[in-house]
Amino acid sequence: MRMEKFLADLASKEILDLARKENIQTIWERYQLQQPQCGFGLLGLCCTNCNLGPCRIDPFGEGAEFGACGADRDTISARNLLRRTTAGAACHNDHGRDLTLALLAFAEGKTQGYRIKSEEKLKNIAQEFSIPVENRPLEDIAKDLAIKILSEYGQQKGKLTFSQRAPKKRQELWRKLGIMPRGIDREVVEAISRTNMGVDHDLRSLILACMRVALSDGWGGSMVATEISDILFGLPSPIRSQVNLGVLKEDEVNLVVHGHVPLLSDVVAELALEEDLISKAKEKGAKGINVVGICCTANEVLVRRGIPVAGNFLQQELAIITGAVELMLVDIQCIMPSLAKVSSCFHTKVVSTHQKARFYGIQHIEFKEEEATQTARRLIETAIENFPKRDKSRVNIPKEKMDVVCGFTAEGIFHHLGGRYRATYRPLNNAIIEGRIRGVVGVVGCDNPKNLSGGAHITLVKELLKRDVLVVQTGCAAIECGKEGLLKPEAAFEYAGLGLREVCEATGLPPVLHSGACVDNSRILIECCEILKEGGLGEDISDLPVAGAALEWMSEKAIAIGWYAVSSGIFVVFGTPLPILGSKNLEKFLTQELFEIIGGGWAFEEDPVKAAKIIVSHLDKKREKLKLRPMMYEPNLI
Ligand code: MSK
């Protein structure tokens, strides 16, 4: 089966055809060459945690029932799941640490090119950490805040400050279950140590550990990353831009930023506007410098600066195959090591910039905050120098690009819904209570050739919109839907049910709100808390008609995100199941029993139409429990 037939957008199809003609291997071929994939791995029944193994359990109950140490299928699959959750959480938490260290370096005068862009947010968060703000220089406040946050990475007892943003009932439940996150690094270390040979073997205990480590991400590292990025680079607000490979320009120097951390990309985006660099580009025959993004670094600079997005995860190789990219800067996470090979077929230079991410065949120019401007300038000059080496006969930029409006934050929604003079979530709550909006669903995560290469997000979102569900998005799922035109206010007329359409018309909001990068899923948690605070929709996140979906999840980070949503009381649907189906007990625990324990839980459904039905039925159950009015326009379902 040729997986690319599912590709949702024409631009990707066009470049993939070109790659095939030129014999350039991409993720779709490599994935195909992996078939059939290891069944033990898919079911979570392979254990490599010690040198008695690798051991594997027979899924059909005919062969080995235990690993050499005696671990059964429940222990092995739950332990594997905890390892994967922890790896995902570690990634986000480390991202948050990078930002915190940058804030500290800024406060100590050791950075170039940074400033406090959101003074209000700095002060608000400092106060949350009990740091005095009155009549103090911003640098001093920033220093105290960075030190306090860093201390929560190493904290051994107590609770994370941001976890106190959760509803009281939820906090109480976390305490009762013993999963209140104590310190960010502590939870990661403890989770890994539990999975060592001979430590924790109990399914329930391992799953509680999954939740605790994930909470250290959602209400810890990810929230830290989001908040400090807002402080240093500005609070996103609705901004217009464009997405898809068509944002690359034939007559300009194309510089792509890819990865997750905005520390360098934001400076690059700013410097690329400087006259002297533009003149240098012109001297080399280009009309200007075109900075565009891939993956979540893209989302970071998109929601704050309106920098166009060339593509999502699956488009990183395709961007290079257009033959029009002078330089691709990669930092961390979701970067395919294949970029070295693909770029060797073109003039494109790929440069890694983060101290902990190296690649064979890719030049490394390390980025340090104290030399941010200097490094960014050098890199932009490298792109400019490379422009004359572009082989014009091999340039194929697809024409597809789509307008988007994005940059919706928990704070911003107060204003978009309530207006300048009456900032409030009231109109959103009322729309839910009155049955104009059925509920709110986060459709997030990666795109994956294993599923529909992005198409699952699009179908799911369209199905939800027509049933009056307001959609909030982050990550590559948001880019996919952007390419389809779902992130424009006009999308409400084409896709939304009558109730949702009325709300969008009255507020000017698109029916799909793009909130940023993967770490910005923490914004969705805050939005849930704000809806609750506004009143009328229960006391806990688990009372709300909300859900999350990541049908095309790929990264371990998605598992951590799914877990912190579930642990916060949210129903989460993944497409490909978590690798646990080898343990029926674990499957039952995650998809049934957990709802009673934590108020949230999992479902697995690859078909986006069926997934939409499952989600809608969940929202309706929550509405019924809250005794909300029936949906206003149900008979008019499109
Ligand atoms: S970049 S984690 S492929 S969303 Fe955040 Fe996209 Fe998934 Fe990476």
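Taking the average, over residues, of other Cβ atoms within 10 Å as the packing measure, peptides 186-197, 344-355, 24-35 rank 344-355, 186-197, 24-35 from highest down.
Treating only the Cβ of Lys, Arg, Asp and Glu as charged (+1, +1, -1, -1), what charge dipole size does the chain show about its Cα centre? Round to the nearest 20 debye. With only Lys, Arg, Asp and Glu charged at Cβ, the dipole is about 460 debye.
Note on the range 248-348: dipole from Cβ charges, positive end direction compared against LEU273, ILE332, GLY306; the farthest Cα belongs to ILE332. In this simple spin-label model, placing a label point 7 Å from the Cα along the Cα-to-Cβ direction at both CYS38 and PHE66 gives a separation of 2.3 nm. Over 23 Å apart at the Cα level, from the set LYS13/LYS282; LYS110/LYS148; LYS401/LYS610, are LYS13/LYS282; LYS401/LYS610. So who's got an amide H within less than 5 Å of the one on HIS347, skipping anything under 5 residues away but keeping other chains? H placed 1.01 Å off N, in plane. HN-HN under 5 Å from HIS347: ASP391. Here the gap between GLU434 and PHE129, fully extended at 0.36 nm per residue and compared with their Cα-Cα distance, gives a gain of 106.1 nm.
Using 0.36 nm per residue and subtracting the Cα-Cα separation, the extra length available between ARG358 and ARG136 on full extension is 75.8 nm.
Remark: relative contact order (the chain) = 17 percent; criterion is Cα-Cα distance under 8 angstrom and separation of 6 or more residues.
Remark on HIS514: its backbone amide H falls under 5 Å from those of GLY407, PHE408, GLN473, a criterion applied only to residues 5 or more positions apart or on other chains, H modelled at 1.01 Å from N. The heavy atoms of GLU139 offer some 80 square angstrom of accessible surface to a 1.4 angstrom probe. Kirkwood hydrodynamic radius of the chain, from the reciprocal of the average inverse Cα-Cα distance over all distinct pairs: 24.9 Å. Across all Cα pairs in the range 251-394, the calculated P(r) in 5 Å bins from zero up to the longest distance comes to 2, 11, 22, 25, 23, 13, 4, 0, 0 percent per bin. What the phi angles of the range 96-104 give under the Karplus curve with 6.51, -1.76 and 1.60, with θ = phi - 60°, is a coupling list of x, 5, 3, 5, 5, 5, 5, 5, 5 Hz, glycine and proline written as x. Look at the dipole of the range 409-636 built from charges on Cβ: of TYR564, SER542, HIS416, the Cα furthest out on the positive end belongs to HIS416.
Suppose R0 equals 30 Å. What FRET efficiency, 1/(1 + (r/R0)^6) with r the Cβ-Cβ distance, do VAL199 and ILE597 give to the nearest 0.05? Could you put the intermediate results ahead of the total?
Numbers: r = 22 Å, r/R0 = 0.74.
The value I calculate is 0.85.
Of the beta bridges DSSP finds with both residues in the chain, what % are antiparallel, to the nearest 5?
Roughly 15 percent of the beta bridges in the chain run antiparallel, per DSSP.
Its Cα centre serving as origin, the range 1-135 has a Cβ charge dipole (Lys and Arg +1, Asp and Glu -1) of approximately 260 debye.
Built from the Cα atoms of the range 409-636, the convex hull projects on average onto 11.2 nm², one quarter of its surface area.
Grab the beta carbon distance between ARG20 and ARG378, set R0 = 60 Å, and tell me the FRET efficiency rounded to 0.05.
Efficiency at R0 = 60 Å is approximately 0.95.
Within the range 289-333, none of the GluC sites (Glu not before Pro) combine a DSSP coil assignment with at most 11 other C-beta atoms in a 10 angstrom radius. Scalar couplings 3J(HN,Hα) for the range 560-573, obtained by applying the Karplus form with A = 6.51, B = -1.76, C = 1.60 to θ = phi - 60°, are 4, 5, x, 5, 6, 5, 4, 5, 8, x, 10, 7, 10, 10 Hz; x denotes Gly and Pro. Full extension of the segment from ASN585 to VAL395, taken as 0.36 nm per residue of separation minus the current Cα-Cα distance, would add 63.0 nm. Spacing of the modelled spin labels on ARG426 and GLU366, each 7 Å from Cα toward Cβ, amounts to 5.6 nm.
Label positions at GLU172 and TYR31, each projected 7 Å from the Cα along the C-beta direction, are separated by 4.6 nm. Pairs over the 27 Å Cα-Cα cut-off, from the set LYS159/LYS625; LYS157/LYS557; LYS584/LYS613: LYS159/LYS625. For the range 9-26, putting each phi into the Karplus relation 6.51 cos²θ - 1.76 cosθ + 1.60 with θ = phi - 60° gives couplings of 10, 5, 4, 5, 4, 4, 6, 5, 4, 4, 4, 4, 4, 8, 6, 9, 7, 10 Hz, in residue order, rounded to whole numbers and with x for Gly and Pro.
Calculated translational diffusion coefficient of the range 3-56 (4 °C, 1.567 mPa s; Stokes-Einstein with Kirkwood radius over alpha-carbon pairs) equals 94 µm²/s. About the centre of its Cα atoms, the range 388-456 shows a dipole size close to 300 debye [charges on the beta carbon of Lys, Arg (+1) and Asp, Glu (-1) only; nearest 20 debye].
The values are calculated or read from the model by the stated rules, or taken from the named source; none is laboratory data. Not measured: the values here are computed from a predicted model. Cβ: placed from backbone, ideal geometry, glycine included. Neighbour counts: every protein chain shown. Keep in mind that these areas ignore ligands, DNA and RNA; they rest on the heavy atoms of the full protein, side chains included. Shrake-Rupley method; radii C 1.70, N 1.55, O 1.52, S 1.80 Å.
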